[in-house]
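The values are calculated or read from the model by the stated rules, or taken from the named source; none is laboratory data. Everything quoted here is computed from the prediction, not taken from an experiment. Glycine also receives a Cβ, built like all others from the backbone with ideal geometry; neighbour counts cover every protein chain displayed. The accessibility values were calculated without ligands, DNA or RNA, using every heavy atom of the protein model including side chains. Shrake-Rupley method; radii C 1.70, N 1.55, O 1.52, S 1.80 Å.
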Amino acid sequence: MADLHQPMTWHGGNWQQLSQRLADNQLPHALLLRGQSGVGKREFALAFAQYVLCQEKTSGMACGRCRNCQLNKARTHPDLLLIEPEERGKQIKVAQVRAMIEFTEKTPQQGGFRVVVLCPAEAMNISSANALLKCLEEPGRDTLMLLVSQQVSSLLPTIRSRCQQVLFSRPSTEDALLWLKKHVPEDEKARILLQLAAGEPSTALRYEQEGLLEQREAMKSGLAGLSRGKLTPAELALNWQAYDQVIVLEWLCLWVQEMIRYSTTGQNKYLETDDMAKMFRYIGDRAGSRRLLNTLQWLLEQRAIVQSQVTLNKQLLIEAVLGRWLALTV
Ligand SMILES: [Zn+2]
């Protein structure tokens, strides 16, 4: 059986405010949890949904023991519905929203609330959004809808105006690391993941689950092979075919930034990536900060191109990137 969901420690203020409103019977029927990606909004929404359904809310958190909590631990509570795209990055289909409407029209099976978590709200297409609107206008009794969004501006204004918005802040690096280390105990690994995830703890955890640390190891030895002349950019690009190009570019940007900090100050402490410090010092000394800055600029442009185009010759792009990397060392 899984654990109950838990709000992130840095969202304690939001938790307190919403649980107080629940206790005072002052919760609106729809909340829009907004804030940047990867800070724990989805986890908060699920934790709060489980809390709303708990029958023994004595400690300010779900008790974990009552019948409703047991159902929630088994992820089979009939009065909690999670609506997400069937695949990451895909749309929430109108059929899913229709199923949700049906759900909110039924009588709660456990006699309390019916709670819907819809995440991310911007994944709804226009028909899904219109179907949802109907539900927001005439919510069933004892229904709580938790919409999660990192891109509120792309939602229909009519959806925004029918929800009360709650803003979720990002954590400090210390808080994010502390949380991440519960899942990724090794300090160095947690730090590397958080760096790649630009300080977003949930994103960092997802990266770990997607095997990005292993990918980093493979990229590291590939780059070493490239500088030693054991591999050509074309051969290495072939090995990297399976990788997400944006992630490849993110790694390289991070590494070039480290070299820039090292190169402009001459201080080793800026080589944060211990296991790659030797390679970075070598390249940094040879390339100099001006060339590194130009390369960083160019890499950022390539990333923007990758993000804006659907069809692209992956092999050629990565080959060009690796050629550029190799040129730094000569
Ligand atoms: Zn409970």
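Worth pointing out:
- For the chain, projected area of the alpha-carbon convex hull averaged over all directions, nm²: 18.7
- Partner lysines for LYS278 [C-alpha distance under 25 Å; skip if fewer than 8 residues away on the same chain]: LYS189, LYS220, LYS230, LYS269
- A crude spin-label estimate for the pair GLU186 and GLU138, with each label 7 Å from Cα along the Cβ direction, gives 5.8 nm.
- In this structure the stretch 208-287 gives 48 Å² per residue of accessible area when probed at 1.4 Å with all protein chains present.
- Mean residue ellipticity (222 nm) of the chain, computed from DSSP H runs ≥ 4 via -39,500 (n - 2.57), nearest 500: -17500 deg cm²/dmol
- Computed from point charges on the beta carbon alone (+1 for Lys and Arg, -1 for Asp and Glu), the dipole magnitude for the chain about its Cα centre is near 260 Debye.
- Cβ-Cβ FRET estimate between LYS269 and LEU156, R0 fixed at 51 Å, reported to 0.05: 0.55
- Per residue, in Å², the accessible surface of the stretch 1-145 once ligands and nucleic acids are set aside, probe 1.4 Å: 49
- With Cα atoms, 0 to 90° folded angle of helix 245-265 axis to the chain main axis: 60
- When the chain is described by a simple charge dipole with +1 on each Lys and Arg Cβ and -1 on each Asp and Glu Cβ, the residue from ILE192, LEU249, ALA327 located farthest towards its positive end is ALA327.
- Surface composition of the chain: carbon and sulfur make up 49 percent of the accessible area, probe 1.4 Å.
- Centroid-to-centroid separation of the stretch 268-330 and the stretch 69-94 [C-alpha atoms, Å]: 40
- Approximating the spin labels as points 7 Å out from Cα along Cα→Cβ, the SER289-to-VAL246 distance works out to 3.1 nm.
- Dipole magnitude of the stretch 18-163 about its Cα centre (Cβ charges: Lys, Arg +1; Asp, Glu -1), debye to nearest 20: 200
- Fully extended contour minus Cα-Cα distance, from LEU178 to ALA74, at 0.36 nm per residue: 34.7 nm
- Charge dipole magnitude, Cβ of K and R +1, D and E -1 - the stretch 25-91, Cα centre, debye nearest 20: 140
- Taking a Cβ cut-off of under 9 Å around GLU272, the surrounding Lys, Arg, Asp and Glu residues balance to a net charge of +1, with basic ones at +1 and acidic ones at -1.
- Pair LEU316, GLN26: separation of 7 Å Cα→Cβ label points (nm): 6.1
- All lysines inside 23 Å of LYS41 as judged from Cα atoms, apart from same-chain residues fewer than 8 positions distant: LYS57, LYS73, LYS90, LYS93, LYS181, LYS182
- Between the helical axis of 173-183 and the longest alpha-carbon principal axis of the chain there is an angle of about 80 degrees.
- Sorted peptide list for 13-22, 81-90, criterion being average Cβ within 10 angstrom, highest first: 13-22, 81-90
- Rounded tilt (10° steps) of 12-23 against the dominant C-alpha axis of the chain: 10
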